[in-house]
Amino acid sequence: MTNMNETQIHQEADEIADSNSFSLVAILGFILSSAGVFSVGYINMVPVAILGCMLGAFALVTAKRFRLNLLSKFLGFIAVVVGATAASWGVSERSIETSGDLTQARRIAELYLESLSANDLEKVYYLVGFQFEGESSSEREAMEASQIQRSKSRLEMDPAHLEIRNRKSPAKWEFVSIDGEFPGTMGWTYRLRYRDGSQTIPSEYWVYARKNCGKYESRERVRWFVDNLETVKKPQ
């Protein structure tokens with residue numbers, strides 16, 4: 001019996017002695033996952049967190065084969081937990097922000113279309129937005145006056161605006177889809193497609209709704225405007 005116990009102790013000691021390999025993959029995964037924590041604030045860091053998680057998982061899966069020591073296994077485990085958590089949290093945060101943006105973009109676009117249909121030009125001018133931050137008072141007033149004049153000309157001459165304003169029957173606006181989004185010099189713009197369901201042959205329009213900052217940029221006060229309205233060309 002004593003001999004068996006001694007044999008078992010020797011075997012366990014040998015296994016412990018053999019399990020002294022250190023994994024560079026595990027430590028790299030740990031570093032990348034730690035850096036991936038910033039994906040909560042920066043969406044570009046999500047792939048880093050995912051890569052760190054994958055390296056950590058690889059270290060754990062191959063730990064027995066390569067006889068990795070306890071520290072390597074621990075780092076691999078932490079890399080998996082931190083990387084997976086950071087990536088999912090970052091994606092979730094961005095999804096919530098995007099969903100909120102799209103809701104706000106639709107709200108401002110529909111208010112613009114309804115105001116245009118009702119010939120409520122004061123609301124239309126307000127929704128076009130006269131925002132010239134960082135300029136002096138006199139420069140801002142001059143720019144706003146110029147923008148108002150351009151907006152008035154657009155309402156009086158643009159075919160899409162005239163078409164909507166001159167309809168006799170009340171419009172019935174139906175949201176169709178989001179047809180694109182893109183950055184600009186004054187913020188982030190969403191292109192939304194709407195249909196006037198009150199028409200026998202419904203016309204469709206693109207409304208360009210813009211917020212005054214980047215897609216994921218934080219700002220104390222986010223404002224929304226409508227940059228333009230276009231008729232969707234039907235394929236010939």
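Nothing in this text is a laboratory measurement; each read-out follows from the coordinates by a stated rule. Nothing here was measured: the structure is a model prediction, and the numbers come from that model. Glycine gets a Cβ as well: all are built from the backbone with ideal geometry, and neighbour counts include every protein chain shown.
In region 181-212, which trypsin sites (Lys or Arg not before Pro) are in a loop and have at most 12 other Cβ atoms within 10 Å, using DSSP for the loop call?
Hits after loop and neighbour filter: nothing returned.
Output ³J(HN,Hα) for region 65-74: one whole-Hz value per residue in order, computed from phi by the Karplus curve 6.51 cos²θ - 1.76 cosθ + 1.60 with θ = phi - 60°, and x for Gly and Pro.
5, 9, 6, 6, 7, 5, 4, 4, 5, 5
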